[in-house]
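Below: the structure, in structure tokens.
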Amino acid sequence: MEWNKAMGPSSVIRLSGRMPSAMGQPLEGRQRERGAGEPAPGRRPGAARHSGVRRPGALAGQPLWRLGPVGYDGASGACPGGTAPAVSVPIQFLAAAEDFAVLDRSGRPVSAEPLPNWSMLEGVSAECAHEARMWRRHVIEVDTGLLPEVPEGSRPREGYDPELFTLVERYERKAAELRAVLGWNVSWKTVQRKRLAFLREDIWGLIDKRRTRQTTVNGRTDARVVDLLLALQERQAKEEAATDARTLFKNLRRAARARLGPGVKVPAEPTLYALLKRLGIDALQLRDPTRRRKDRLNRPAPPFAVTTATAPGELVQIDSTALDVKVLGDDGQPTQVELTAAIDVFTRSIIAVVLRPKTAGRRKTRQQTRALLSTGTSKGRATKAVDASLLLALCMVPAPMRPGFDAAASAARSDLPYEELLEVDARMEHAAARPVVIPETIVIDHGTVFTGQTFFDACSYLGISVRPARKRTPTDKAIVERTFESIKSLFSQHVNSYTGRDFSRRGKEIDPDRLWTLQELDDLLQEWIAVGWQARPHEELRSPYEPNLPPLTPNQMYAAGVQAAGYLPIPLGFADYLQLLPTAWVGVRDDGIRFKNRTYDNFKGELEEVRNTPSGLKGKKRDGWELRYNPYTPEQVWLRDHRSGEWITAVFKHQHLIGAPWTQHLWDSATAEFVARGGRHTQDEAIAQVLADLLERAGQGPDDPGVVSVPDGYAPVPGLDGGWAPSGDGVFDPFADAEALDLDALGPLTVLELDEPSLYSPAEEEIAPGPAHGPDAPGGADTEVSSLLADLGDLDDSLDSAARHLLDLPAETNPPQEDRP
């Protein structure tokens, strides 16, 4: 209801019987209403209303109230001619009543013309809205005789006066005018249809509905045909081989005829091509490789969201990828490298990485398969479950400064809260600029490295929750996937042996003598993480309160998060390290522990209590004893006595023949070479000799060794701007404060004293007498020991670098010396 000038102090309002009792009872007075054929005041007889709003119904028999002076707070009213006192009614209650009406002095309802619903024109084009507004002017003139917004008292134009001309005559007059002036090809029936639509729907009835028709994705194609097409395309992407669009359309017609019947029409090929385009399917991508088509099919539907965390370690993503760099393997051959990394979502920090060589295995030939004896095959190698477990331990301890690191890589010169962390964790004194993050939840994929029982046992031991991602859905761990791309673009491509992700991006053939070793590449990567990645601003690390400020670095984000979340150091000891290793259940025989075709024994006699004794553990253990082993240091294993809880170290019996660190992969290679010569895979002593020869050949390198060149563009301090240099020493030296070593005060090198055969063979065995040469010859032992010292001078210990940096393990790779008689 709209108030206007007609509502004065003497206006009469008509109210329903729902008036409050405080206003008194209405009188029985009646007001004569205007008849059905009587024109409204101010209207000429025969004039019709052009508003689409229906008139109020008959008001006869309703009580009347007269409205007094209207104020801001309400209005006072009383029945005309009555004796009841006047009452006050809030104006908002009167205007909100559905049966509220205002009468003029003659007792007729006063109504304002409704406003057009112009918002309906916002969803159509500008041309269609302009045409609807023009039709509205013409229809109003046909209906009332006057154009809208004409001055009061104006006379209708010739041919449009409702008192002189009928509606059909006005229709014909308007149609002729539109044809002559505007050039519209309309008839009087079109004008009639427009007027009737305007009376029903207001201005929306004047819009051409053909221009507002909403097009669907499938157009005029049957929806069942579209569903069948999508089902065939999805099945083809998952199960079938790649094919073209024509084959897909042929299968669609066959399936539609079989399932929907011959009455359902399948469009022609041009329409189907357009349908594929509207459905977001590229016809050329139907012939892509199966893996690419599956990845595209598993892509989640938008809208996409960003994975967030509120504290360091709340969410950590782990994955493995090829580093696209070749290194010199431990067998002297070029090999690829696989990177396993853990990324903290909150800080985007690379909290731990593990590098492992990756080599594809060779399958058996047909002759080898038909052979009676087992023949040698080279197994492939890559990241193992023990590497993933070791990665968890590396996340929880500070990364040490390695020899040769630039001083800028230390935590003391980074944005980490070094002073605060040093007060609670003394290990931060010589730590690199990499934060220590304790994972709470880890997101993994379905790779065999992470789905094994070893990894889940390690997570359970460390109190870490595991959340597997969906199969073939890399977007569930998009942060670690994107970090891998950054590592390859910021680090890998600057290495001289960078190969690219496929052969089409590879350069010239790389010479083997110009390759980094795996340990050297790991040192470069660890230093780059400290000075390159952790000190590099990340676009996703911005303050939620000041988004206009520059982005933060991962170390700065960790410093801000650790102030709120706190830091609790977790020391990991020798027993904790063993709990992260793979488990096997073995028996202890007279000759020792037989494991992976090798014999292990403890020369201190600590295995005597468990030798030839069942453990009493049933089920899958089958009375076996718990054994922990590291495939990268197989020269020793650890057996646990569950009765006392102690760990017993057992050493490979023939380790003295090898005399150098080796891995399970090298053992498999030596076994394959020995079996190819006609031997058996159970002869561990002979295989140890072959392995020693293999290590000797690998240590010699190529025939023409060269100097390993530094990659182009690789600076000593990557990631730092020119003109700045750290103060103090440029290279970290962990032995700078150590005293000089007195070689004369050292005892004899018992590890290399090989002139006592009784140390490595049973006492009851007799050694056959031989000619007077070798150790028994005069000066033979000294000569042989001197040659061994020259050959073994550059050998490392038996542990891999990651485990050595994690903690110091007891080096019992050689049996203890016995007292000579």
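Bear in mind that the values in this text are calculations on the coordinates, not laboratory data. Predicted model only: the values in this text are computed from it and were never measured. All Cβ positions, even for glycine, are placed from backbone atoms using ideal geometry, and neighbour counts span all protein chains on display.
Structural remarks
- Burial ordering of S187, S410, fewest other beta-carbon atoms within 10 Å first: S187, S410
- Loop-resident chymotrypsin sites (Phe, Trp or Tyr not before Pro) (DSSP state other than H, G, I, E or B) in segment 527-588 with no more than 14 further Cβ atoms inside 10 Å of their Cβ: Y545.
- Here each label is just a point 7 Å from Cα along the line to Cβ, and for N298 and K209 those points are 4.8 nm apart.
- Among the chymotrypsin sites (Phe, Trp or Tyr not before Pro) in segment 240-342, those located in a DSSP loop and surrounded by at most 12 other Cβ atoms within 10 Å of their own Cβ are F304.
- Checking the cross-link pairs K209/K250; K358/K471; K358/K596; K384/K604; K294/K358 against a 29 Å limit on the alpha carbon distance flags K209/K250; K384/K604 as lying beyond it.
- Listed values for segment 593-610 are Karplus-derived 3J(HN,Hα) couplings in whole Hz (6.51 cos²θ - 1.76 cosθ + 1.60, θ = phi - 60°), namely 9, 9, 9, 6, 6, 9, 10, 10, 8, 10, 7, 8, x, 6, 8, 5, 6, 10, and x replaces Gly and Pro.
- Residue order, fewest to most surrounding Cβ atoms within 10 angstrom, among D227, D288: D227, D288
- Gap separating the Cα centres of segment 163-219 and segment 311-344, nearest whole Å: 73
- Cβ-to-Cβ counts within 10 Å put M401, M120 in ascending order as M120, M401, the fewest first.
- Mean Cβ neighbour count within 10 Å, used as a protection proxy, ranking 472-485, 321-334, 143-156 highest first: 321-334, 472-485, 143-156
- Top positive-direction residue, dipole computed over segment 561-705 with Cβ charges, set F674, Y600, N612: N612
- Computed packing ranks the peptides 442-453, 257-268, 629-640 as 629-640, 442-453, 257-268, most packed first, by mean other Cβ atoms within 10 Å.
- Under 5 Å, built H, 5+ apart or other chain: amide partners of A399: A432, R434
- Applying the Karplus relation 6.51 cos²θ - 1.76 cosθ + 1.60 with θ = phi - 60° to segment 321-333 yields 3J(HN,Hα) values of 7, 6, 7, 6, 9, 9, 10, 8, x, 5, 9, x, 10 Hz, where x marks Gly and Pro.
- Relative to one another, the C-alpha centroids of segment 382-398 and segment 541-609 are positioned 6 Å apart.
- Residues whose amide H falls under 5 Å from that of L617, counting only those 5 or more places apart or on a different chain, are D623, G624, with hydrogens built in the peptide plane.
- A simple rule links phi to the HN-Hα coupling: the Karplus curve 6.51 cos²θ - 1.76 cosθ + 1.60 with θ = phi - 60°, which for segment 138-144 gives 5, 5, 5, 5, 5, 7, 10 Hz, with x for Gly and Pro.
- Taking amide H as placed 1.01 Å from N in the peptide plane, the amide H of V588 sits under 5 Å from that of N612, T613, each at least 5 places away or on another chain.
- Spatial separation of Cα centroids for segment 673-697 and segment 415-489, in angstrom: 39
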